[in-house]
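Engineer: Below: one structure in structure tokens.
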Amino acid sequence: MGLAKRIIPCMDVDAGRVVKGVQFVDIRDAGDPVEIARRYDEEGADELTFLDITASSDQRETMVHVVEEVAGEVFIPLTVGGGIREVADIQRMLNAGADKVGINTAAVFKPEFVKQAADRFGSQCIVVAIDAKRVSSGEQASRWEIFTHGGRKPTGIDAVEWAQRMVVYGAGEILLTSMDRDGTRDGFDIELTRTISDAVGVPVIASGGVGTLEHLAQGVIEGKADAVLAASIFHFGEYTIGEAKQHMADRGIEVRL
Amino acid sequence: MTSIVIIDYGMGNLHSIAKALEHVAGKERVIVSREHAQILAADRVVFPGVGAIRDCMTELKRSGLDDVVMQAAAEKPLLGVCLGMQALLGISEENQGTECLGVIPGKVVRFADDMRDDASGDRLKIPHMGWNQVHQQGDHAMWADITTDSRFYFVHSYYALPEREEDVAAMTPYGIEFASVLAHQNIFAVQFHPEKSQHAGLQLLSNFVRWNGDA
């Protein structure tokens, strides 16, 4: 008994609408982030993550309203990522009711930003998102590098060293996405997850590749993740959060039921 | 109409706690304030806080709110949350030793870096982050309709080590068993975030809104 492993559904939001095909048969408005957040909360999600993929900056303000509305009726932790580039962006999201912000690209281009953010707001609300891709092949020792631009641009930065550096800078949590597995539904990159989780003292959220409930359990049992994040298996109504938790519990994982 | 004031001393985001209290008490009863007179006139006071303890104590002293918190703690139902709980103890190890308010005898210490899970042997991460069990120690009006071992949402690296066993209202396991809730007369102080703990958290806040300060 003790601390539960967390299940976190992630929603991509574009100009205030959830995209990437959320499909609940009995939901009034499948694109409404508030309605979907409420649903996940009822199903027992441990936290919610919104990824703002809005391209045009003049529509960014819509995300603030989404967070305000969700925070007014869903009382579990909310993380907002995407477009967090300066202290003012963090302040705006926290004021709107977010509990944590995810910093991704901005950390790669300006690592000091993570330090600045953690000093100002505390490590507890700074999640550093790491997009890693395997660069070793065949017999070589496994190695992953940080990629930007949705996994298209290599940076030459070693993923393990980067994760450790981000923790030194004040990251309170690492959101680790395997760019090799993202969207494949083949399961997490377990070796990557375990390597990073063993390398840092802060919690690691595994992301990228979930296609079955067993993948979630593997992320925790084999990957040593402290939390697992998934999008499509929940969005399409294939599985509820409750079913995911039950499966994890059946595999001997401590969850909040 | 009784009022609930959330003390705003510049430490972090009070949006969540205000929204959760409004949800259980009604919008018109919840006030976020740094005005001494308004805080002292309230029927109930919430003492929140996130961040580092030294910043917290510096802000409290600079604004003169340290005395206000002490006075409120002496005379009306007061709910300490997270850093607000820690600030009620005597001293914290954080920031090379920080003197706190000393309302509840005891100190605040950091989790050890090398803690391991008993069952799996896995390293326990710091901060202690997520939903953990809160094991009630005896009855208290604030536990109404909340079963023992209910899960609440935690995020912290330091924990309270009170001197008096009778001040401990709940324990939580994380490598060790630590005091996750303290209760002393009209003070109830929680290490977790009730405003982020869904049903159990809202129930606790709802109990606070009705609590007269007796155990």
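Engineer: Given the options A:GLU139, A:GLU145, name the one that is touching a Pro at 6+ places or on another chain (Cβ under 7 Å), among the acidic types (Asp, Glu), closer than 24 Å to A:GLY223 by Cβ and outside any helix (DSSP H, G or I).
Structural biologist: Unique residue meeting the criteria: A:GLU145.
Engineer: So for the range B:5-27 (the condition being aliphatic (A, V, I, L, M), assigned to a strand (DSSP E or B) and closer than 18 Å to B:LEU161 by Cβ), does at least one residue qualify?
Structural biologist: There is no residue in the range B:5-27 that is aliphatic (A, V, I, L, M), assigned to a strand (DSSP E or B) and closer than 18 Å to B:LEU161 by Cβ.
Engineer: Within the range B:102-133, how many residues turn out to be of a type in the set (Val, Ile, Thr) and in contact (Cβ under 8 Å) with a residue 60 or more places away in the chain?
Structural biologist: Of the residues in the range B:102-133, 2 are of a type in the set (Val, Ile, Thr) and in contact (Cβ under 8 Å) with a residue 60 or more places away in the chain.
Engineer: Next question. How many of the residues making up the range B:160-203 are touching a residue at least 40 places away in the same chain (Cβ under 8 Å), more than 14 Å from chain A (Cβ to nearest Cβ) and outside any strand (DSSP E or B)?
Structural biologist: Number satisfying all stated conditions: 4.
Engineer: Follow-up question, since we're still on this one. Does at least one position in the range A:23-33 carry a residue that is within 18 Å of the chain's Cα centre (by Cα) and either closer than 21 Å to B:ASN13 by Cα or at pLDDT below 90 (or both)?
Structural biologist: No, every residue in the range A:23-33 fails to be within 18 Å of the chain's Cα centre (by Cα) and either closer than 21 Å to B:ASN13 by Cα or at pLDDT below 90 (or both).
Engineer: Sticking with this one: Can you tell me which of A:GLY122, A:GLY151, A:GLY170 is in contact with a Lys or Arg (Cβ under 9 Å, 6 or more places away or on another chain), within 14 Å of another protein chain (Cβ to nearest Cβ) and either of a type in the set (Gly, Ala, Ser) or at positive phi (or both)?
Structural biologist: A:GLY170
Engineer: Now a separate question. Can you name every residue in the range B:112-134 that is within 10 Å of chain A (Cβ to nearest Cβ) and surrounded by 17 or more Cβ atoms within 10 Å (Cβ to Cβ)?
Structural biologist: B:ARG123, B:LEU124, B:LYS125, B:ILE126, B:PRO127, B:HIS128, B:MET129, B:GLY130, B:TRP131, B:ASN132, B:GLN133
Engineer: Just one of (1) farther than 21 Å from A:HIS215 by Cα; (2) part of a strand (DSSP E or B) trips up A:GLN164, so point out which.
Structural biologist: Of everything listed in (1) farther than 21 Å from A:HIS215 by Cα; (2) part of a strand (DSSP E or B), A:GLN164 misses just condition (2).
Engineer: Give the residue, chosen from A:GLY219, A:GLY237, that is among the small types (Gly, Ala, Ser) and within 14 Å of another protein chain (Cβ to nearest Cβ).
Structural biologist: Within the list A:GLY219, A:GLY237, the selection yields A:GLY219.
Engineer: Please verify whether the range B:45-57 includes one or more residues that are without any contact (Cβ under 8 Å) to a residue 24 or more places away in the chain and open to solvent by 50 Å² or more (accessible area, probe 1.4 Å).
Structural biologist: no
Engineer: Residues to consider are B:VAL81, B:VAL32; find the one that is under 18 Å from B:PRO194 (Cα atoms), open to solvent by 30 Å² or more (accessible area, probe 1.4 Å) and within 14 Å of chain A (Cβ to nearest Cβ).
Structural biologist: B:VAL32
Engineer: Considering every residue within the range B:174-185, establish whether at least one is over 19 Å from A:GLU254 (Cβ atoms) and acidic (Asp, Glu).
Structural biologist: No, the range B:174-185 has no match at all.
Engineer: What number of residues within the range A:222-234 are open to solvent by less than 10 Å² (accessible area, probe 1.4 Å) and either at pLDDT 95 or above or within 14 Å of another protein chain (Cβ to nearest Cβ) (or both)?
Structural biologist: Residues in the range A:222-234 being open to solvent by less than 10 Å² (accessible area, probe 1.4 Å) and either at pLDDT 95 or above or within 14 Å of another protein chain (Cβ to nearest Cβ) (or both): 4 in total.
Engineer: With under 26 Å from A:PRO154 (Cα atoms) and within 14 Å of chain B (Cβ to nearest Cβ) as the only criterion, which of A:ALA98, A:ALA117 stands out?
Structural biologist: A:ALA117
Engineer: Determine, yes or no, whether A:GLY187 is open to solvent by less than 20 Å² (accessible area, probe 1.4 Å), away from chain B (no Cβ under 13 Å) and out of contact with any strand residue (DSSP E or B) (no Cβ under 9 Å at 6 or more places or on another chain).
Structural biologist: Yes; evaluated as a whole, the condition is true for this residue.
Engineer: Next question. Return a yes/no flag: does the range B:15-23 have any residue that is within 20 Å of B:HIS193 (Cα to Cα), over 15 Å from the mean Cα position of the chain (by Cα) and open to solvent by 70 Å² or more (accessible area, probe 1.4 Å).
Structural biologist: Yes, that holds for at least one residue.
Engineer: Look through the range A:52-73, keep the residues that are surrounded by fewer than 16 Cβ atoms within 10 Å (Cβ to Cβ) and assigned to a helix (DSSP H, G or I), and return whichever of them is nearest to the other protein chains (Cβ to nearest Cβ).
Structural biologist: A:HIS65
Engineer: Residues of the range A:190-210 being away from every other protein chain (no Cβ under 14 Å), assigned to a loop (DSSP other than H, G, I, E, B) and open to solvent by less than 10 Å² (accessible area, probe 1.4 Å), which ones?
Structural biologist: A:GLY208, A:GLY209
Engineer: Continuing with this model, one more query. Tell me yes or no: at least one residue of the range B:28-40 is within 15 Å of the chain's Cα centre (by Cα), of a type in the set (A, V, I, L, M, F, W, C) and at pLDDT 95 or above.
Structural biologist: Checked against the condition, which is being within 15 Å of the chain's Cα centre (by Cα), of a type in the set (A, V, I, L, M, F, W, C) and at pLDDT 95 or above, the range B:28-40 yields no hits at all.
The values are calculated or read from the model by the stated rules, or taken from the named source; none is laboratory data. Since we're looking at a predicted model, the values are computed, not measured. Reconstructed Cβ throughout: ideal geometry from the backbone, glycine too, with neighbour counts over all protein chains shown. Keep in mind that these areas ignore ligands, DNA and RNA; they rest on the heavy atoms of the full protein, side chains included. Shrake-Rupley method; radii C 1.70, N 1.55, O 1.52, S 1.80 Å.
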